[in-house]
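Step one of this worksheet: look at the structure below.
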Amino acid sequence: MFPNVVTVFNVIKSKDSITYHRQIVKDVFFNKDKIISQDGKGEKYASVYNVIFSNVALKKWVNKQEFSGEEDTYTLKENDIIVLGEYNNISDLSDLQKSNADYFLIKTVSENLYGEEDLQNIEVTN
């Protein structure tokens, strides 16, 4: 039911620099669609991404207030980066822009952390 793998890059901003904390997360489901939207007097194609993190994938997840950048954890917050599949470390967003990787910046995070533990999940979209 959750056959996919993604790489989460948490963007950590400090006074002098930006670092990208990488975590490969298994047991997720992702979907990518193309939509047509109006652009002035014409139309443009846009990709829409949807990723669901299962309760198994959430074992290493911590909420954004508790996230400290520890090696084996990750969080999901707006403007973090999700790459579909496994991806190497990056030093800048331009590393992804130059590649053929499917990636997006998180725009919405829906935490569905209620009810039966087996049904709990987090859904992120762009």
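Cα centroid distance between segment 48-67 and segment 106-121, in Å? For segment 48-67 versus segment 106-121, the Cα centre distance is 8 Å. Over segment 11-126, accessible surface divided per residue gives 66 Å², non-protein components excluded, 1.4 Å probe.
Once the Cα-Cα distance is subtracted from the 0.36 nm per residue extended length, the Thr19 to Lys64 segment shows a gain of 14.6 nm.
Per residue and in cubic angstrom, what volume does the convex hull of the Cα atoms of segment 62-126 have? The partial results should precede the final answer.
Values: hull volume 7.8 nm³, N = 65.
Value for segment 62-126: 120 Å³ per residue.
When the residues Ser68, Ser110 are ordered by accessible surface, computed with a 1.4 Å probe over the protein chains alone, the sequence from largest down reads Ser68, Ser110.
Which of the pairs Lys32/Lys77; Lys41/Lys77; Lys13/Lys60 have their Cα atoms more than 28 Å apart in this structure? Listed pairs above 28 Å: Lys41/Lys77.
For the chain, with all protein chains present and a 1.4 Å probe, just round the carbon and sulfur fraction of the accessible area to a whole percent.
Numbers: 3680 of 8040 Å².
Of all accessible area on the chain, carbon and sulfur atoms account for 46 percent.
The values are calculated or read from the model by the stated rules, or taken from the named source; none is laboratory data. A quick note: this is a predicted structure, and the numbers were derived from the prediction, not measured. Quick note on the areas: whole protein, heavy atoms, side chains included, nothing else; ligands and nucleic acids left out. Shrake-Rupley method; radii C 1.70, N 1.55, O 1.52, S 1.80 Å.
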